Amino acid sequence: MADHSQMKLGKRAPRLPAGAPRLAKYSASLPAPPVSVSWADKLAALGMMGNDSLGDCTCAAVGHAIQTWTSQASVEATIPDSAVLSLYEAVGHYVPGQPQTDQGAVISDVLAYWQKNGVGGHAISAYAYVEPGNLSEVRDAIYWFGGCDIGLALPTSAQSQDVWDVPAGGTAGPGQPDSWGGHSVFIVGYDATGLTCITWGALKRMTWAFWATYCDEAWAILSTDWIEKSGAAPDGFPLAQLQSDMAALTAGTAVPRSVSLTDQQIDMLTDAIQTKIDGLDEDDGVVATDAATNAASKPWQDLNDYLNAPRQKT
């Protein structure tokens, strides 16, 4: 029986940047991917990449992605642990020798840094959000892009499972999502029964039920290691459009998505905001004076006023 109880995690809550490309926009017209695929068959030298002693799983996943792509393209390349550590210092604000700074990182922050700066001499051109609940989209990401960078809200039950699965007791108790913590892994294959990921320097299987219950974010990454060297980019895939959208986002010119809320949703928001306003004088760090409370509540009150402005009923 597996014992992962002493392993490090380190994925912070998901954050989707405004205007981030979504894979569905580009993959909708592609032919269906095969029923199974594995990009792990040529991997040989997987390593912990610091994730045995640090919560740098989001950065270790970068190293494992590079290994996967290059093993398929030509010769497996392993970036040094020092490059993974430097990435963690940059995106997770980790300071070596100060364990209190080992607080993990956000996957989208890691991808943004990687796209802008490269990691260990390896670059990516773009990345796109994958809807975890759309399994066709998930398979597209793994097949067309040579893998998928994902986040898991791991349950405590995952500490002792040889194959990650929803425990017999379901999502109660040790099966509760995030009861262990957030973890990032790189997916290298799938078949009818589940998926294969790289974590803690080894291949690990998970069932589709586990994915559906505990995966809280997923990303397709367009890597020069995968596209330029292996030639594995599919004919007809709109890579240029994805790269253009990514460049616009990086430059801060991406068009934000419009949001349409129902009256019920607006009412829910205004109720929540009013609760926040009513409780500001009890919040830690807010001095309980009228002036301080009014200053702290103004942005919330302005938002509440905007939401309560006259609107056409739906």
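Give region 129-156 a look and list any residue that's part of a loop (DSSP other than H, G, I, E, B), among the small types (Gly, Ala, Ser) and farther than 21 Å from residue 223 by Cα, or say none.
133
Sort through 13, 32 and tell me the only one that's more than 20 Å from the chain's Cα centre (by Cα) and part of a loop (DSSP other than H, G, I, E, B).
Sole residue among the options that is more than 20 Å from the chain's Cα centre (by Cα) and part of a loop (DSSP other than H, G, I, E, B): 32.
Yes/no matrix, rows are residues, columns are (1) under 30 Å from residue 192 (Cα atoms); (2) in a helix (DSSP H, G or I); (3) under 21 Å from the mean Cα position of the chain (by Cα):
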site: 26; (1), (2), (3): yes, yes, yes
site: 62; (1), (2), (3): yes, yes, yes
site: 72; (1), (2), (3): yes, yes, no
site: 88; (1), (2), (3): no, yes, yes
site: 96; (1), (2), (3): no, no, no
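Just one of the numbered conditions (1) part of a loop (DSSP other than H, G, I, E, B); (2) under 22 Å from residue 22 (Cα atoms) is not true of residue 178; which one?
Answer for residue 178: the failing condition is (2).
Yes or no: region 164-177 includes at least one residue that is buried (at least 22 other Cβ atoms within 10 Å of the Cβ) and under 24 Å from residue 47 (Cα atoms).
Yes, that holds for at least one residue.
Of everything in region 1-29, what is more than 20 Å from residue 164 (Cα to Cα), loosely packed, with under 15 Cβ neighbours inside 10 Å, of a type in the set (A, V, I, L, M) and at pLDDT below 95? Give them in sequence order.
16, 18, 28
So which residues in region 78-100 are farther than 14 Å from residue 49 by Cα, among the polar types (S, T, N, Q) and either in contact with a helix residue (DSSP H, G or I) (Cβ under 8 Å, 6 or more places away or on another chain) or crowded, with 18+ Cβ neighbours inside 10 Å (or both), if there are any at all?
Selection gives nothing.
Please work out which one of (1) aliphatic (A, V, I, L, M); (2) touching a helix residue (DSSP H, G or I) at 6+ places or on another chain (Cβ under 6 Å); (3) buried (at least 17 other Cβ atoms within 10 Å of the Cβ) is the condition residue 138 fails and give its number.
Among (1) aliphatic (A, V, I, L, M); (2) touching a helix residue (DSSP H, G or I) at 6+ places or on another chain (Cβ under 6 Å); (3) buried (at least 17 other Cβ atoms within 10 Å of the Cβ), residue 138 violates only (2).
Would you point out the residue of region 198-222, among those that are touching a Phe, Trp or Tyr at 6+ places or on another chain (Cβ under 6 Å) and assigned to a strand (DSSP E or B), that is farthest from residue 110 (Cα to Cα)?
Out of the qualifying residues, it is 206.
When both residues are 6+ apart or on different chains and their Cβ atoms are under 6 Å apart, which pairs have a first residue that lies in region 161-180 and is on the phi > 0 side of the Ramachandran plot, and a second that is of a type outside the set (S, T, N, Q)?
Listed pairs, sorted by first residue: 178/153.
Which residue pairs have Cβ atoms under 9 Å apart, sit 6 or more places apart or on different chains, and have a first residue in region 56-83 that is free of Cβ contacts under 8 Å to residues at least 12 places away in the same chain and a second that is of a type outside the set (D, E, K, R)?
The qualifying pairs are 82/120.
Of all residues in region 104-128, how many are surrounded by fewer than 21 Cβ atoms within 10 Å (Cβ to Cβ), of a type in the set (A, V, I, L, M, F, W, C) and assigned to a helix (DSSP H, G or I)?
Summing the residues that are surrounded by fewer than 21 Cβ atoms within 10 Å (Cβ to Cβ), of a type in the set (A, V, I, L, M, F, W, C) and assigned to a helix (DSSP H, G or I) in region 104-128 gives 1.
Do we find that residue 88 is in the same structural domain as residue 145 (by TED's automatic domain parsing) and touching a residue at least 40 places away in the same chain (Cβ under 8 Å) in this structure?
The answer is no for residue 88.
The values are calculated or read from the model by the stated rules, or taken from the named source; none is laboratory data. If you're wondering where the values come from, they're calculated on a predicted model, not measured in any experiment. Note that we place each Cβ from the backbone using ideal geometry, even for glycine, and neighbour counts take in every protein chain shown.
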